[in-house]
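Reviewing the structure listed below.
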Amino acid sequence: MRALTGPRSVRVAGCGHAVRMDTRRMTAILRRGLRLRCPRCGRGALFRGPFTMHERCPACGLVLEREQGYFVGAIYVNYAATVGITVAGFLLLDSYSPTAFRAVLSFLCNRAQ
């Protein structure tokens with residue numbers, strides 16, 4: 001394999017060789033994604049309804065399916081939002097009524113035992 005050189009070649013961590021990145025193709029794919037069009041042809045719509053995806057692209061027939069690990073990002077966002085709301089609620093309750101909050105907290109801790 002020959003080494004790639006030029007403005008579009010980039011060294012990727014963990015790779016022993018340069019990888020050619022075609023920025024025009026990448027921007028075309030991103031544009032198609034923002035317009036909710038097929039990543040291959042850009043003509044077919046991804047969704048037939050507000051929450052229903054086509055099984056195949058109506059124009060080129062590309063199979064449209066979720067990748068493995070599709071929901072992992074949603075899990076992380078949900079976890080971060082839950083932690084943020086919990087910490088904010090704790091600080092809010094503690095600042096307005098520290099004694100009442102501590103009484104509720106001690107009640108819950110004693111009940112768990």
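The values are calculated or read from the model by the stated rules, or taken from the named source; none is laboratory data. The structure displayed is predicted, hence computed values, not measured ones. Here the Cβ positions follow ideal geometry from the backbone for every residue, glycine too, while neighbour counts run over all protein chains shown.
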Review point. From R8, R66, R111, which residue is exposed (fewer than 11 other Cβ atoms within 10 Å of the Cβ), at pLDDT below 75 and not acidic (D, E)?
Key: R111
Review point. Has the stretch 74-94 got any residue that is without any contact (Cβ under 8 Å) to a residue 40 or more places away in the chain, surrounded by 10 or more Cβ atoms within 10 Å (Cβ to Cβ) and assigned to a loop (DSSP other than H, G, I, E, B)?
Key: no
Review point. Taking R43 and the conditions (1) modelled with pLDDT under 90; (2) in contact with a strand residue (DSSP E or B) (Cβ under 8 Å, 6 or more places away or on another chain); (3) not in a strand (DSSP E or B), which numbered condition does it fall short on, given that it satisfies the others?
Key: (1)
